[in-house]
Amino acid sequence: MRKGQGAAGHDPYGWAGGAAAPLRELVTTKGFVRTSDLAAEFAVSVMTIHRDLDALQAQGWLRKVRGGASCLPSTQFHGSVGERMATMTQTKQRLARAAAEELAPGRIVVIDDSTTCLGLTQHLPQHTPITVITNSLPAITALAKEPGAALVALGGTYFPAYDAFMGPHTAQSMSAFRADVLFMSTTAVTTGRCYHMSPETVQVKQAMMAAAARRVLLVDHTKFANQGLYALAPLTDFDLVVVDDAAPAGEVRGLRERGVDVRIVPR
């Protein structure tokens, strides 16, 4: 983000080195802000605000709307990557451990950008040689020095809000591959369907699903209480759904009645 300068040459944004935090945090706190109000708040031109909002939108922090900008619900309600990594940690580890039974030497696997599936990177060294395709920067970092893993990093636009590469270029990159198994999580499960808060996320995950012969969904029980805006896919599109034993019994029963293979992971 460019640093705005007032008439006296000072920094009206109030940050050193051009960091985007003040503007981003203002949008996140208020939920919606008008472009004209932002220009007055930071003593810069409306054109400068538009450019800065374009940059933040490209990074996945907010969505520009007519007259202003709106905070993406995923960053406002579901937390940053760091916050999600620190949430339900033990449950996510158990889910990843159970899902790791789907790993085998020689397989080509896809791991999405979820913090739930990130735990699978700890189990991959026991199943090498293996090929991993991912758009998750933490997963790429974790596997970059693993000699037994052939790592394919999907390119595209980097979204700091998700610490991952997203958007049409990432989805197009994924369409060039074919994988044995996909490991994926979701923001919310409502009436048997997965939902997310950004269309870029849905676009990439749908490309991953189309490329995988077997699809495994990992969801902890809190996902059944979350809300999402964009529909991804029904749970019947997955070959296996791995949930913890605190998942709503009625939801699990309903999935099984629809023919979904559900594996419950105990405490």
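Restricting Val132, Val152, Val189 to those that are open to solvent by less than 20 Å² (accessible area, probe 1.4 Å) and at pLDDT 95 or above reduces the list to Val132. Checking the stated criteria, Val216 turns out to be buried (at least 21 other Cβ atoms within 10 Å of the Cβ) and in contact with a helix residue (DSSP H, G or I) (Cβ under 6 Å, 6 or more places away or on another chain).
Taking the stretch 200-237 as the range and being under 16 Å from Met174 (Cα atoms) and not small (Gly, Ala, Ser) as the test, the residues that pass are Glu200, Thr201, Val202, Gln203, Val204, Lys205, Gln206, Met208, Met209, Arg214, Arg215.
Quick one: in the stretch 32-53, which of the residues that are touching a strand residue (DSSP E or B) at 6+ places or on another chain (Cβ under 7 Å) and under 30 Å from Thr170 (Cβ atoms) is modelled with the lowest pLDDT? Give the steps one after another, and end with the answer.
Of all residues in the stretch 32-53, those touching a strand residue (DSSP E or B) at 6+ places or on another chain (Cβ under 7 Å) come to 32-35, 53.
If we keep only those that are under 30 Å from Thr170 (Cβ atoms) as well, we get 32-33, 35, 53.
Details: Phe32: 79, Val33: 83, Thr35: 87, Leu53: 84.
It comes out as Phe32.
Scanning the stretch 27-51 for residues that are under 20 Å from Ser198 (Cα atoms) and part of a helix (DSSP H, G or I), which turns out least open to solvent (accessible area, probe 1.4 Å)? Only one residue tops the list, namely Val27.
Evaluated against (1) open to solvent by less than 50 Å² (accessible area, probe 1.4 Å); (2) among the small types (Gly, Ala, Ser); (3) outside any loop (DSSP other than H, G, I, E, B), Gly228 falls short on exactly one condition, (3). Quick one: in the stretch 107-129, of everything that is surrounded by fewer than 24 Cβ atoms within 10 Å (Cβ to Cβ) and of a type in the set (A, V, I, L, M, F, W, C), which residue is nearest to Val216 (Cα to Cα)? Residue satisfying both the conditions and the ranking: Ile108.
The values are calculated or read from the model by the stated rules, or taken from the named source; none is laboratory data. Note that this is a predicted model, so its numbers are computed, not measured. Ideal geometry is used to build each Cβ from the backbone, glycine not excepted, and the neighbour counts take in all protein chains shown. Note: accessible area is taken over every heavy atom of the protein model, side chains too, but ligands, DNA and RNA are not part of it. Shrake-Rupley method; radii C 1.70, N 1.55, O 1.52, S 1.80 Å.
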